[in-house]
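Data block below; observations after.
The values are calculated or read from the model by the stated rules, or taken from the named source; none is laboratory data. The structure displayed is predicted, hence computed values, not measured ones. Here the Cβ positions follow ideal geometry from the backbone for every residue, glycine too, while neighbour counts run over all protein chains shown. Side chains included, ligands, DNA and RNA excluded: accessible areas come from the protein's heavy atoms. Shrake-Rupley method; radii C 1.70, N 1.55, O 1.52, S 1.80 Å.
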Amino acid sequence: MDNLENAVTLTDFVASIPVNSLPRILQITSGVYLQSSVYDISGSECCLSTGDLLKVVGKELLCVTLVNLQTGKEQKLPHDFKGLFQVSEDNHVYATLGDLHQKLCSGDYRRAFWFTSQSNFNVGEYDVRKRIPIQLLSADRIDGSSECQIFDGTDLYNIKIPLSTNGQFCECENKELYTLEQILQDPGLSKCNFICKNIGPGVYKLCPEYEINTIMQMRKGYVKMPSSLEVDVIDITDHCGNVEFVQPLSLREVFEQQEKFPVVAEILDTAEVQHLVKNDTYSALQKGQKIIIHRKIVSNKVLATGNKCKTAKFFYIDDSYRGKFRQRPREFASIFELWTKALEGTKLKVVVTQDCDSSDENIPSLCIGDHLQVLHHTKTVITTPMGPQETDALVCKKVTADEDDDDDDDDDTPEEVMLPIYMEGRFVEEVKDTKKYNLSSIIQKLKLPCEVKVVTKDTSISNDPLVSFPSIRLEEIMEDCALLVSLYDTASECFELPMKYVNFSVVILEDTVSFPAGINISTNILELTECFYYSLRKDLPSQQPPPPRPPKRLVKAEANIQSNKPVRPEEKDPSKLKKSKTIHSDLLTPHHKISHSLDRSKTNREIYSSQTNMYSTTPKRNIASCEGSDSDEGYEQIDEQMRLLNILPKVN
């Protein structure tokens, strides 16, 4: 072991080494952790034996301790400390220039400093007088010389002074002020003592402690350790070009750097994916497991929600999914939702599933069972207590259930109605398409988001989870960069590791691998946790417009609460009341005939309210609901009712 005279403590070395000079290779020389000494670092047993090699690849500041050299008291400084420090003049006298240089500098990294000699000394043909300021520019400890500038009155000249020159050398006073960050980043300053008016009188020593990220020659993976370990080291970076270290790589580094595939890799730390997915696909990715990395891929994933009564599950569906889909009718809870689709250019035919009463004589009411074809959006003027007011509206055409869009009957012109977007109501889309589509085709046909039903499962998946859901909402297409990998023992069973959400360290092995003739990708569907799903949704851009604000208008109510005066119901001619059909599952027939109709005899009592922007109570829906049930019976009833109203096609 050579150059033992250059050994320094690990603490001093780490404090003096700039981050941009890493990595550096160190050799353990002596200290507390001698041969075969075993200790624990972050739950991992390690051994620093004399002669071991250590590769320092990174460091991170843990804390800075301020030591008062006069009292010995210590205190912690915050990382963002704003005080200013001045270098305390070193009154110590050194017998040689080399001793002074070793005190003020750190290896090849130094700060410019001024010094003088308290006695005259001779350098070749030059006689240097005492107390003359001298600036040390550079030093070469190999040939034992230093480049200096001497200021003698008005004369300035450069001179080489051997580090072995005898004299009474000491540092000159430095009045420059430094921040904590400047001191920690300058290897020369880090060895000085300081005074600080922001703290108080006294001379202080700054003692930073770092966590260093290292690679040990005979150990796989990164080892993190504090710089305060009591060992001495020497820097042998320039003298060990043939030394090989195991090189841990993150998955992202493999994706970006690796050019030749397939390769065999060993996992150095367990993958943290429990908070992302519920599938068992990644459960085998444990420390020490060998995997085969086949290739890089860029795939499209569809973010989807499966709804089954009160429960919802969330999925990533890969574009290679082989199941077949059929369009499901969408439900709309207001005219506003239909209006947003009209803005997108979507052609819609819907059926009214809830009575929509209008308090304005210029706005038509809608009844259950009315068929509407959305034509276009427009502007209209309505009358309010505040005067005429312009609002957005939707123009629809009332059509019959069997009416064909291409048939024009001049004798029976369909009625066009104009519906303001604040109007309440519930609607369901008419769907007559019985064709089955794969994932890419149905996305091209329907604009996302859309409602679908899986009618043919993916046979490559033993238990396709999407089949059990009566309704699946396809929401967004997301692009993923991934590595296609498999376990070493089952090379043909492949799955994807998405770079954005899964990352761990591996080491590339020299094992040979034969690429399997056929591979099966088992991550066509990933079930996401609810927390991860909503974190994805939060990052997606939202283009949903805000709901409309209804105009100020007179509001109907049950009673006059403020005045407690009885309100007489408005007298209406029962013969003039509009009749509406109500859907009852026990009254529907396969021939779309409803044998029973109800006369609406409800009347409303009106009061005038000084409050503004009050919404009237939304009536209950008159369609079957599956709330409170964990079975699919409610969905089956809805589907049957939709078919009877020509909303859903008949399925053979």
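One table, with the values for the structure above:
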| item | result |
| --- | --- |
| FRET efficiency for Thr346 and Gln257, using Cβ-Cβ distance with R0 set to 35 Å, rounded to 0.05 | 0.15 |
| Cut-off under 5 Å, modelled amide H: who pairs with Gln168 long-range | Gln118, Ser119 |
| Gain on full stretching of the segment that runs from Val93 to Cys172 - 0.36 nm per residue minus C-alpha separation | 27.3 nm |
| Rounded to whole Hz, the Karplus (6.51, -1.76, 1.60) HN-Hα couplings of the range 59-64, x for glycine and proline | 9, 9, 5, 9, 7, 10 |
| Protection proxy ranking of 302-310, 65-73 - average other beta-carbon atoms within 10 Å, highest first | 302-310, 65-73 |
| Selection from Ala95, Phe113, Gln75 lying farthest towards where the dipole of the range 52-128 points positive, charges on Cβ | Gln75 |
| Radius, Kirkwood style, for the range 227-381 when every pair of distinct Cα atoms is counted (Å) | 23.5 |
| Most to least accessible of Phe113, Phe255 (protein chains only, probe 1.4 Å) | Phe255, Phe113 |
| Ile297-Glu415 pseudo-label distance in nm [points 7 Å out on the Cα-to-Cβ vector] | 5.6 |
| Karplus-derived HN-Hα couplings along the range 389-398 (A = 6.51, B = -1.76, C = 1.60, θ = phi - 60°), whole Hz, x at Gly and Pro | 9, 7, 8, 6, 9, 10, 9, 10, 10, 7 |
| Accessible surface of the range 355-504, 1.4 Å probe, proportion on carbon and sulfur as whole % | 43 |
| Hydrodynamic radius by Kirkwood, which averages 1/r over all alpha carbon pairs of the range 64-188, in angstrom | 16.1 |
| Amide H within-cut-off set for Asp90, under 5 Å, with H built and near neighbours excluded | Glu171 |
| Spin-label model distance (nm) - Asp539 vs Ser462, 7 Å beyond Cα toward Cβ | 3.1 |
| Extension reserve of the Asp143-Asn6 stretch, reckoned as 0.36 nm per residue once the Cα distance is removed | 47.8 nm |
| Chain lengthening between Gln135 and Glu479 when straightened (0.36 nm per residue, less Cα-Cα) | 117.8 nm |
| Links that overshoot a 20 Å alpha carbon limit, given the list Lys324/Lys538; Lys397/Lys445; Lys73/Lys205; Lys278/Lys301 | Lys324/Lys538; Lys397/Lys445 |
| For the range 47-136: relative contact order, % (alpha-carbon pairs under 8 angstrom, 6 or more apart) | 14 |
| Karplus 3J(HN,Hα) series, Hz, for the range 498-504 with 6.51 cos²θ - 1.76 cosθ + 1.60 (x for Gly, Pro) | x, 5, 6, 10, 10, 8, 7 |
| With DNA, RNA and ligands ignored, accessible area of Ile195 (1.4 Å probe; Å², nearest 10) | 70 |
| Label-point separation, Asp511 to Gln185 (7 Å along Cα→Cβ), nm | 4.5 |
